[in-house]
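Q: Structure in structure tokens, see below.
The values are calculated or read from the model by the stated rules, or taken from the named source; none is laboratory data. Since the model is a prediction, treat every value here as computed from it, not as a measurement. Here Cβ is always computed from backbone atoms with ideal geometry, including for glycine, and neighbour counts include all displayed protein chains.
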Amino acid sequence: MNLKKLLSLKNNHVLIILITWALVQTFLLYKYGIITNNEAVKYIREANNFSAGKSFSENKYIFYSVYIFVHVFFKWLGFEVTGVYLFQLLFNLLALICFYKTLLFISKKITVAFWGSLLLVICFPWQYWTICLYTESFFCSLIIILTYCLFGNNKPICRYVFAPLLLIALIFSRPTGILLIPASMLLTFHQLVAYKKKALAFLFATCVVVVFLSTFYYEMNSAASYNFIKPFVEHNIICDVADSAFTSTNRIYSGNIGGVISFIKDNPVTFGGLCISRFISFWSLTRSFYTSMHNWLLRLFFYPLYLFAIIGLIQQLNKHKQMAIFCLITIIVFTLSVMLTCDEWSSRFIMPILPLVIFLAVNGIFATAGKFTRSNI
């Protein structure tokens, strides 16, 4: 009897999640349509070039190639725009299912899986990217599916076969995919040490560090358009938005990593201030060009989640250490990447880690609720 009741409850929860997801996606499509301008133009252009037998216009597009090939595939079928959108939509749904299963597997509580998944569904800033033919939707969905393969089940094939393949797909879907390498490396390193294979663990870590640094160096030099000193000399908080209040430096710095290091040595206080401002911009999600109501809705939705995510992180460090470390390292690395470059005007750069924040937050909410309930018994 209890089992039937549990299954019935689970099915009702899943139905509510799916209906809400369908309503949110329908609303976004109705209100905004399929977005094919701005960033999308680049991927459509590169897909056209590839279909015409040409190479990528810049080497940097190698690190967008998986997503570009999705465009190529649907262009070959004859409905590129609609096809890519439907592909992203179905991938978004698959990621939602994986998110639900991971929460259920970790927490062993249907209510945690339900409310966590519902929070992800109604997170409009995250769901919005499904209608944009940018890399964000596909990339973010891949991260959730990777997380499921690592922590959402006990199947060795998921962790040791599918997870590495997904990591490779992430690296070649968006340049920031390499930011998932440190967390994945630490996860494997920790597991090898736990199995008392320390020599193999250090050999593995060394190889991964070499691959990471080599890939990072190649990425940083894969496009003439990359200018890493520009956000510093122009005091960019938001990318390509110069701060008119600052006094330009007389020294000319090179646009590579060496130039950035020189700038930091010469201007440590300015560098620190820029990092702090970018950190605030990254996590606040508010913008001066949003309406006051828009900004307050963002604050009311996300800021409590941040608080509960900290509580959830502490809880998960005690219960599921590997999962907590993966979430923490990934969040830190993505945050540092913005602090050392610039934030994006539409908050695209925070989207890959928002599901991890929601995952930690919902666990924090239920942990807090449990303590409060027990204290009143």
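Q: For the range 335-347, indicate whether the set of residues that are touching a residue at least 12 places away in the same chain (Cβ under 8 Å), in a helix (DSSP H, G or I) and out of contact with any Lys or Arg (no Cβ under 6 Å at 6 or more places or on another chain) is non-empty.
A: Looking for residues that are touching a residue at least 12 places away in the same chain (Cβ under 8 Å), in a helix (DSSP H, G or I) and out of contact with any Lys or Arg (no Cβ under 6 Å at 6 or more places or on another chain), one finds at least one in the range 335-347, hence yes.
So that you can scan it fast, the table gives a plain yes or no per residue for (1) touching a Ser or Thr at 6+ places or on another chain (Cβ under 9 Å); (2) at pLDDT 95 or above; (3) assigned by TED's automatic domain parsing to the domain that holds I237; (4) of a type in the set (K, R):
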position: F271; (1), (2), (3), (4): no, no, yes, no
position: I280; (1), (2), (3), (4): no, yes, yes, no
position: S347; (1), (2), (3), (4): yes, no, yes, no
position: L356; (1), (2), (3), (4): yes, yes, yes, no
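Q: Which residue pairs have Cβ atoms closer than 8 Å, lie 6 or more positions apart in sequence or on different chains, and pair a first residue in the range 228-243 that is modelled with pLDDT of 85 or more with a second residue that is small (G, A, S) and surrounded by 20 or more Cβ atoms within 10 Å (Cβ to Cβ)?
A: Taking only residues 6 or more apart or on different chains, the pairs are I237/S281; I238/S281.
Q: Related question: Let me confirm something: among A169, A163, A183, which residue is surrounded by 15 or more Cβ atoms within 10 Å (Cβ to Cβ), in contact (Cβ under 8 Å) with a residue 12 or more places away in the chain, of a type in the set (G, A, S) and not assigned by TED's automatic domain parsing to the domain that holds Y100? Even if it seems obvious, please write down each step before you answer.
A: On the way: A169 fails: not assigned by TED's automatic domain parsing to the domain that holds Y100; A163 fails: not assigned by TED's automatic domain parsing to the domain that holds Y100.
It is A183.
Q: Can you pull out the residues in the range 70-100 that are surrounded by fewer than 16 Cβ atoms within 10 Å (Cβ to Cβ) and either within 23 Å of I178 (Cα to Cα) or of a type in the set (K, R) (or both)?
A: If the condition is that a residue be surrounded by fewer than 16 Cβ atoms within 10 Å (Cβ to Cβ) and either within 23 Å of I178 (Cα to Cα) or of a type in the set (K, R) (or both), then L94 is the only one that fits.
Q: When the range 335-353 is examined, which residues are found to be surrounded by fewer than 20 Cβ atoms within 10 Å (Cβ to Cβ) and either among the acidic types (D, E) or within 19 Å of S184 (Cα to Cα) (or both)?
A: If the condition is that a residue be surrounded by fewer than 20 Cβ atoms within 10 Å (Cβ to Cβ) and either among the acidic types (D, E) or within 19 Å of S184 (Cα to Cα) (or both), then T335, L336, S337, E344 are the ones that fit.
Q: Going residue by residue through the range 4-18, is there one that turns out to be assigned by TED's automatic domain parsing to the domain that holds L166, modelled with pLDDT under 95 and of a type in the set (S, T, Y)?
A: Step one: list which residues in the range 4-18 are assigned by TED's automatic domain parsing to the domain that holds L166, which gives 4-18.
Now narrow it down to the ones that are modelled with pLDDT under 95: 4-18.
This time we only want the ones that are of a type in the set (S, T, Y), so: 8.
Yes: the range 4-18 contains one or more residues that are assigned by TED's automatic domain parsing to the domain that holds L166, modelled with pLDDT under 95 and of a type in the set (S, T, Y).
Q: Another question, if that's okay. Any residue in the range 187-199 that is outside the structural domain of T147 (by TED's automatic domain parsing) sitting within a Cβ distance under 6 Å of a residue that is small (G, A, S) and surrounded by fewer than 17 Cβ atoms within 10 Å (Cβ to Cβ)? List the pairs, counting only those 6 or more apart or interchain.
A: Every condition considered, the pairs that remain are F189/A205.
Q: Something else now. Checking the conditions here, which among I110, I144, I122 is in contact (Cβ under 8 Å) with a residue 60 or more places away in the chain, among the aliphatic types (A, V, I, L, M) and buried (at least 22 other Cβ atoms within 10 Å of the Cβ)?
A: Every option except I144 fails the conditions.
Q: Look through the range 289-324, keep the residues that are surrounded by fewer than 13 Cβ atoms within 10 Å (Cβ to Cβ) and not in a helix (DSSP H, G or I), and return whichever of them is farthest from the chain's Cα centre (by Cα).
A: Only one residue fits best here, namely T291.
Q: Name the single residue that is surrounded by the fewest Cβ atoms within 10 Å (Cβ to Cβ) among those in the range 43-55 being of a type outside the set (A, V, I, L, M) and free of Cβ contacts under 8 Å to residues at least 12 places away in the same chain. Show your work before the answer.
A: Step one: filter the range 43-55 for residues of a type outside the set (A, V, I, L, M), giving 43, 45-46, 48-51, 53-55.
In the following step, the residues that additionally are free of Cβ contacts under 8 Å to residues at least 12 places away in the same chain were identified as 49, 53-55.
On the way: N49: 16, G53: 6, K54: 10, S55: 11.
Top of the filtered list is G53.
Q: Another question about this same structure. Going residue by residue through the range 325-333, is there one that turns out to be surrounded by fewer than 16 Cβ atoms within 10 Å (Cβ to Cβ), over 28 Å from I143 (Cα atoms) and assigned by TED's automatic domain parsing to the domain that holds D243? Can you show your working first?
A: Of all residues in the range 325-333, those surrounded by fewer than 16 Cβ atoms within 10 Å (Cβ to Cβ) come to 332.
Keeping just the survivors that are over 28 Å from I143 (Cα atoms) gives none.
No, that holds for no residue.
Q: Quick check on L340: is it over 20 Å from V241 (Cβ atoms), out of contact with any strand residue (DSSP E or B) (no Cβ under 8 Å at 6 or more places or on another chain) and not aromatic (F, W, Y)? Explain how you work it out, then say what you get.
A: Values: over 20 Å from V241 (Cβ atoms): no; out of contact with any strand residue (DSSP E or B) (no Cβ under 8 Å at 6 or more places or on another chain): yes; not aromatic (F, W, Y): yes.
In short, no.
Q: Considering the range 254-266 alone, what residues qualify as being surrounded by fewer than 17 Cβ atoms within 10 Å (Cβ to Cβ) and either in a helix (DSSP H, G or I) or at pLDDT 85 or above (or both)?
A: I257, G258, I261, S262, I264, K265, D266, listed by residue number.
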